[in-house]
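I have placed the structure first, in the form of structure tokens, so that the comments after it can refer back to it.
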Protein chains: 4
Amino acid sequence: MLRYWTAGESHGPSLVALVDGFPAGLAVDSSAIDAELVRRQGGYGRGGRQRIETDAVRFLSGLWRGVTLGSPLALEVVNRDAKLERLDDVERPRPGHADLPGAVKHLGGVRAVLERASARETAARVAAGALARQLLAVFGIDVAGWVTELGGLALGAAEGALPELRTRRDSSAVYSLHPERDAEVTALIDRVGKEGDTLGGVVEVRVDGLPIGLGTHAQWDRKLDGRLAQAVMAVQAIKGVEIGLGFEAARRRGSLVHDPIHYDPAVRDTRQLGFTRPTNNAGGLEAGITNGQPLVVKAAMKPISTLRKPLESVNLLTKQPEEAAYERSDVCAVSAASVIVENVVAFTVAEALVDKFGGDSVEEMQARWTLFHDLARRR
Amino acid sequence: MLRYWTAGESHGPSLVALVDGFPAGLAVDSSAIDAELVRRQGGYGRGGRQRIETDAVRFLSGLWRGVTLGSPLALEVVNRDAKLERLDDVERPRPGHADLPGAVKHLGGVRAVLERASARETAARVAAGALARQLLAVFGIDVAGWVTELGGLALGAAEGALPELRTRRDSSAVYSLHPERDAEVTALIDRVGKEGDTLGGVVEVRVDGLPIGLGTHAQWDRKLDGRLAQAVMAVQAIKGVEIGLGFEAARRRGSLVHDPIHYDPAVRDTRQLGFTRPTNNAGGLEAGITNGQPLVVKAAMKPISTLRKPLESVNLLTKQPEEAAYERSDVCAVSAASVIVENVVAFTVAEALVDKFGGDSVEEMQARWTLFHDLARRR
Amino acid sequence: MLRYWTAGESHGPSLVALVDGFPAGLAVDSSAIDAELVRRQGGYGRGGRQRIETDAVRFLSGLWRGVTLGSPLALEVVNRDAKLERLDDVERPRPGHADLPGAVKHLGGVRAVLERASARETAARVAAGALARQLLAVFGIDVAGWVTELGGLALGAAEGALPELRTRRDSSAVYSLHPERDAEVTALIDRVGKEGDTLGGVVEVRVDGLPIGLGTHAQWDRKLDGRLAQAVMAVQAIKGVEIGLGFEAARRRGSLVHDPIHYDPAVRDTRQLGFTRPTNNAGGLEAGITNGQPLVVKAAMKPISTLRKPLESVNLLTKQPEEAAYERSDVCAVSAASVIVENVVAFTVAEALVDKFGGDSVEEMQARWTLFHDLARRR
Amino acid sequence: MLRYWTAGESHGPSLVALVDGFPAGLAVDSSAIDAELVRRQGGYGRGGRQRIETDAVRFLSGLWRGVTLGSPLALEVVNRDAKLERLDDVERPRPGHADLPGAVKHLGGVRAVLERASARETAARVAAGALARQLLAVFGIDVAGWVTELGGLALGAAEGALPELRTRRDSSAVYSLHPERDAEVTALIDRVGKEGDTLGGVVEVRVDGLPIGLGTHAQWDRKLDGRLAQAVMAVQAIKGVEIGLGFEAARRRGSLVHDPIHYDPAVRDTRQLGFTRPTNNAGGLEAGITNGQPLVVKAAMKPISTLRKPLESVNLLTKQPEEAAYERSDVCAVSAASVIVENVVAFTVAEALVDKFGGDSVEEMQARWTLFHDLARRR
């Protein structure tokens, strides 16, 4: 059972992800994790803090000479802007944040809540996911995410192989697949930023190379669609999740939704077992189980809640109307969200991989992968 | 810790929900659970099976003279159409179902999978949710769901108090809030059914009367938004989940998304603590915590996967192309989905209520509810 | 992930075990489960109720033509003595029972607690364990338990092969391995029973045929020693748990405790990988991982808390001293405890087996078992 | 829901405990945690490493100005003897350790396993428990542990109030309650150490000030007796766990085991609700629920597995007989075990406290504590 939790406040000493149940024998590329952390800090529209930090992961445990031991891994990302002790409480809760409900829940102040609810915490989730995807890579499972909408601008479809899409994305200032639209998008961000407002958007993650049979249909809390939805919706500022066609599936007839099943013995990829689908409207999941098609997950990110031109709020001490607090913030973090969602999806898929193929050692998982596909093909 | 799991196949002896951690001292109205079960069987567009069964719950445990004991409750819904032993295996997997991925996963046949993956299982989830909402009702928390879109037809907004909306919904053949549109909708269902095709739609659930402070921002796997998304996406045929504005939030500016915080000492509802919001775009959740506004969850249901005019498939024994199997099925089950999603949302909210106020006895929970609001107001 | 929970009161309609994560493809011998249920009802010293019930399991789900589907299994044991609705509350809590602490905890009455806390609930645990051991049997893993002490009488050691020990046990009136001592033991039970008093004892469970490598050392809540201790201590009336030498290990020097490691390529049993141990003081577990030796678990059962010659108690309504309530009860249930502990150990070991070898299908588990031992031997 | 996990290897950079679900508003005394860490390193019979390290906790998260935020706390204990990268693999597995079963399980080497299985990991558990007991202290719940047997020497009973017992224990070189026996004990340790052998012992933990009603009888995996047994048995080298009389209870008649219930309105401690017990054979737990009496848990520790005069083993590369590896180790660590068991018991009790009284804020927990005792007394 692969699982993880995080700890850490926005301005505390560090962020930590504790990853438990990770198989032994994986040579970890720490710089690839750092690359995801740096990508999370980027994207046009980010504020000053991203220039203060250059995140890098440090392993407090779980590795020997760069290889996983099978023990829990504690991944630390140090906060270079650690200053929590010097920060004061906040009296004017920001609409859209945890500020008000969190303070009421804990019968305490706003600082106690906002430090943990901050999107900075997602650095730890990215670190965990970027580790997990290295396990996926051993099995030829590849994960990538990008921005498909920003501030209402639809930025075009995702067609092609993941390596090619990744190259295009990495040349876009906003992590879209259409860098030729960047000028239009950054102009919008600039304009909205000048007005003291913020923007959201939609991100998409695709996972290629999945076998048939990850997840289960058998119990509601183990279905892979539900677990993905939880992991993605639990990312700060996400308000919607779709798998495959998502809401569009609700608007089509069945004959135009379900992906016909074909069989072609010439299909070389053993994980397909010869089955092909002319379409992938299901987004790779049927009844909570991967079907050998690419997994496609979309998520809607609301605009940043901290506005330079603040919203109406209330002073919690005086109960008088005041403007919401403003701490240095971004105009738009949809690019970052694409990195976060990409990595939490990667972790969730790795959980399902470990559920199916075991988690003691990479060597045994690989032998079982081959065994499973042999057994399945023989049927 | 309130939790539940289900067991049961579509044509097996019975469906069971085991509910653990339910507080002692609640007088259960079993007929109200039955009413939800019957509602789940209804809605225009359902097939023959719904006429065979008239579901009713039986408590195998957990009650004494109709009152919860604090022990686990085993809720049984007997399958009147139990005939699993006489049913044969299926060789032609239905696209959109668990049939193919499930059979491959388990190195077995299709029957072994489809019986459990069937939407009939949701009767057990409805029973558990319909029990949980009776706990919510003690605290004035009310839950209702309806259909907002069917087959691409948008059926109008939800405005008004829940009791009134419920009345309107219950007079609609498709569980929408606009029975005046029923003729249009049922005509569409009839037309599509005659063509051997199926329809999906969108359902919405609203929870009124929530206090501030259910859920948490502190750990990804305990955030209420993520837990709701899991519970809803794990319902058969659901492919998208939204909270509040959902994807629409991604397309608006921050100043038009976040709900301003006002304070009005004259607000009588103690659970509001005087805070009001002129809008509810967040759908009642900020950072995974309820904010005292109505919770609003939407879900997209794909069309039924079993088509009378079957899709292309493959015979698993011969590997030759054949039409997918057809077992008696519905043209449209979006109305039923509204009942299911309503009840899984109810259960998830009850989990969060028990997390916050404890689960030993209703009496203690009620005293703590008052205590919490007293403490919170005094701050 | 194999897991289970139970529901059911002593005099309610039925007891239920919901078993989730059980692999597909096992042909279940329902009569073998019934045999364990009947054994649980036996043993010299039992009271009247055991003559009312003859427990038998009924599968509400999870089977098709007697074979597991990979879906959750709901096992029902009907209470023939169901009469909860007619029973009154109890005002005089019995020392040693949940009566007083449970009533206080739930701010309720004693009936609400004692019905669930009753040892009758263990019938559901036995059913779940008796199912799980059928999975173990596929891998040549055999489980048996017996009484080693009763009322202070030490009944002799366990030496020999399990089938032989099982035969001896089954010929003993008290499920010891030394039926020649039965007369002595039953005389003690009779004498104590006449005095209105009760007796406890010690039971032992041995699991043969285990592979090396079940369980883990890596995280405290996944260690197999801890999980076994939880499962056993959570059985009604158990107050002590030992693995291997247990407390005796604390009294010896290290050189007389730890089991030397030898290697003999002639060992035929592939699961041993050639390693042998001249002793088994560890009881088959080192650092929470099975080491290929028999697992040995002991448990101490306190005497039955319900005494015919009642203990001092207090009337909860009047707060005046009164004798504790007496409901029909046993003088000694140590024989039953041996059955219960045997079966909860079996379930816990099956959990660890599924953790290591996966839980999708018995066919895949078997292939992986062979694969693992091949890989391990090649090193 | 309060929970924790650890990470860290014996010679890796640091040990980490991630504590999730800890209530907001507790002023943490970090030096009291350090004191427990230092106590864990002490006790007569320890080897060289304890002189290298002087453990101290560092909070990577969860605190603001020394007060808990309600967010997860990451507690780090740095390894001053961090040198894992320079250490080689080990070919001669030590009997009694994870070495052999762990290496086989992971198809890897011994180093990968022993670093995590090492008792050094318990420093993280002690840190977590020492944090948790500060929460207990707010409610007047006090925890202390000591050595009752060492190398077969019974060191006398525990009678008196905890503060007094703690003083006596802290003046004993081996953490027993009878420092007058120290000379005898240390002489034994010296003698056995000179012979290259090791010693185990028995430790006891007592928790005073518990309310009635922590834990539950309702589900096997939530019973407090089972959870305590898991936590304690999962401590390195523990092979037996007892609650209250433990195995002695199996040898007495019921009338001499169960603790009579009396009522005395003059009892001042509100948590007793007027109920008294002339004995505490149950060790404070009836049916998995605290009964207001002191909790008493005993644990048996086997002798250290690493012997200076090594046991027989096998070279894993050559499969030839060789002596087991020897790394610097202790002759006896029973004193340390008393600290570890004390702190894991403290954590487990804190879990049950949070289950009963909630975990959002200390302020709310305190108000609920009063409320509960008011409601319970009024019945």
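Sort shortest first the distances from D:Thr186 to its counterpart in every other copy, using label points 7 Å along the Cα-to-beta-carbon line, and give them in nm.
D:Thr186 label point versus its equivalents elsewhere: 5.9, 7.3, 9.3 nm.
Counting partner chain Cβ atoms within 10 Å of every residue's Cβ in C:23-33, what's the average?
Partner Cβ neighbours, averaged per residue: 1.
Along its three principal axes, how long is the range C:307-379 when you only count alpha carbons? Whole Å, largest extent first please.
Each principal axis gives a Cα extent; for the range C:307-379 these are 72, 26, 24 Å.
Against the globular-protein guess of 2.2 N^0.38 Å, express the Cα radius of gyration of the range C:108-203 as a ratio, rounded to two decimals. Spell out each step's value before the answer.
Numbers: Rg = 16.8 Å, N = 96, 2.2 N^0.38 = 12.5 Å.
Ratio of Cα Rg to 2.2 N^0.38 Å: 1.35.
Between the chain alone and the structure with every protein chain in place, find the residues of the range B:288-314 that drop at least 20 Å² of accessible area; heavy atoms, 1.4 Å probe.
Residues passing the criterion (a loss of at least 20 Å², heavy atoms only) are B:Ile289, B:Ala300, B:Lys302, B:Pro303, B:Leu311, B:Glu312, B:Val314.
Mind giving me the nanometre distance, one decimal, between the label points for A:Arg377 and B:Ala137, set 7 Å out from Cα along Cα→Cβ?
Placing both labels 7 Å beyond Cα along the Cβ direction yields 5.8 nm.
Can you pull the three principal axis extents for the Cα set of the range C:255-379, in Å, largest first?
Projected onto the principal axes, the Cα atoms of the range C:255-379 cover 73, 43, 22 Å.
Using modelled backbone amide H atoms (1.01 Å from N, in-plane), which distant-in-sequence or interchain residues come within less than 5 Å of C:Ser176's amide H?
For C:Ser176, the qualifying residues are C:Val147.
Tell me, what ³J(HN,Hα) does each residue in the range B:328-333 have, in order and in whole Hz, if you take phi through Karplus 6.51 cos²θ - 1.76 cosθ + 1.60 with θ = phi - 60° and put x for Gly and Pro?
After applying 6.51 cos²θ - 1.76 cosθ + 1.60, I find 2, 8, 9, 7, 7, 10 Hz.
If a helix is a whole DSSP H run, which ones in chain C reach 20 Å or further along their own axis (Cα) and hold a mean Kyte-Doolittle hydropathy of at least 0.5? Mind dumping the intermediate values first?
Numbers: long enough: C:122-138 (25 Å, 1.11); C:334-357 (34 Å, 1.34); C:362-378 (24 Å, -0.72).
Qualifying helices, which must be both long enough and hydrophobic enough, are C:122-138, C:334-357.
What is the Cα coordinate range of the protein assembly as shown on the first, second and third principal axes, sorted by size from largest, in whole angstrom?
84, 73, 66
Short version: ³J(HN,Hα) in whole Hz for each residue of the range B:314-324, in order, from phi by Karplus 6.51 cos²θ - 1.76 cosθ + 1.60 (θ = phi - 60°), x for Gly and Pro, what are they?
After applying 6.51 cos²θ - 1.76 cosθ + 1.60, I find 9, 6, 5, 7, 9, 6, 8, x, 8, 6, 4 Hz.
Quick query: amide H of D:Leu311 versus all other amide H atoms, modeled in the peptide plane; which residues come in under 5 Å with a sequence gap of 5 or more or a different chain?
Here the answer is D:Ala324, since their amide H atoms fall under 5 Å of that of D:Leu311.
To one decimal place, what Kirkwood hydrodynamic radius in Å is obtained for the range A:26-152 from all pairs of distinct Cα atoms? If you can, show how the numbers build up before the last one.
Numbers: mean 1/r = 0.0585 Å⁻¹.
Answer for the range A:26-152: a Kirkwood hydrodynamic radius of 17.1 Å.
Of the cross-linked pairs B:Lys194/B:Lys298; A:Lys356/D:Lys223; D:Lys298/D:Lys319; A:Lys356/D:Lys302; A:Lys302/A:Lys356, which ones have a Cα-Cα span greater than 32 Å in the structure shown?
Values: B:Lys194/B:Lys298 29 Å; A:Lys356/D:Lys223 30 Å; D:Lys298/D:Lys319 40 Å; A:Lys356/D:Lys302 37 Å; A:Lys302/A:Lys356 35 Å.
Correct reply: D:Lys298/D:Lys319; A:Lys356/D:Lys302; A:Lys302/A:Lys356.
Sorted from shortest, what are the nm distances separating the label point of C:Ser171 from equivalent points in the other copies, each placed 7 Å from Cα along Cα to C-beta?
6.2, 8.1, 8.6
Just to be sure I understand the model, the point goes 7 Å from the Cα along the line to the Cβ. What's the resulting D:Val78 to B:Asn315 distance in nm?
A separation of 7.2 nm, rounded to one decimal place.
Could you give, in nm with one decimal, how far B:Val67 is from each other copy of that position, shortest first, with labels 7 Å out from Cα toward Cβ?
4.1, 5.0, 6.4
Modelled label-to-label distance, B:His262 and A:Glu322, 7 Å Cα→beta-carbon offset: nm?
The two pseudo-label positions are separated by 2.0 nm.
Give me the percent of accessible area attributable to carbon and sulfur for chain B, probe 1.4 angstrom.
Working: 5640 of 10910 Å².
Reported share for carbon and sulfur atoms: 52 percent.
Kindly provide the helix-only [θ] at 222 nm of the protein assembly as shown, computed as the sum of -39,500 (n - 2.57) over DSSP H runs of four or more divided by all residues, to the nearest 500 deg cm²/dmol? Display every interim value, and only then the final one.
Values: 40 runs with 481 residues, N = 1516.
Estimated from H runs of four or more residues: -10000 deg cm²/dmol.
Return the whole-Å distance between the Cα centroid of the range A:321-335 and the Cα centroid of the range A:1-50.
23
What Rg and what Dmax come out for chain A when only alpha-carbon atoms are used, in angstroms?
In order Rg, Dmax, the Cα atoms of chain A give 21.6, 73 Å.
From the phi of every residue in the range A:270-287, what ³J(HN,Hα) in whole Hz does the Karplus formula 6.51 cos²θ - 1.76 cosθ + 1.60 yield, where θ is phi - 60° and glycine or proline is x?
Going residue by residue, I get 4, 5, 7, 6, x, 7, 10, 10, x, 10, 9, 5, 6, x, x, 10, 10, 6 Hz, with x marking Gly and Pro.
Name the long-range amide H neighbours of A:Arg94: under 5 Å, sequence gap of 5 or more, or other chain; modelled H, no Pro or chain starts.
Those lying under 5 Å, H to H, from A:Arg94 are A:Asp99, A:Leu100, A:Ala325.
Starting from the residue with the highest accessible area, list C:Trp64, B:Trp146 in decreasing order, probe 1.4 Å.
On the way: C:Trp64 40, B:Trp146 0 Å².
Largest accessible area first, the list is C:Trp64, B:Trp146.
Using Cα positions and a limit of under 13 Å, work out the aspartates and glutamates in reach of D:Lys105, with same-chain residues fewer than 8 apart set aside.
A:Asp360, A:Glu363, A:Glu364, C:Glu286, C:Asp355, C:Asp374
The values are calculated or read from the model by the stated rules, or taken from the named source; none is laboratory data. Values in this document were obtained by computation on a predicted structure and should not be read as measured data. Glycine gets a Cβ as well: all are built from the backbone with ideal geometry, and neighbour counts include every protein chain shown. Accessible surface areas use protein heavy atoms only, side chains included; no ligands, DNA or RNA. Shrake-Rupley method; radii C 1.70, N 1.55, O 1.52, S 1.80 Å.
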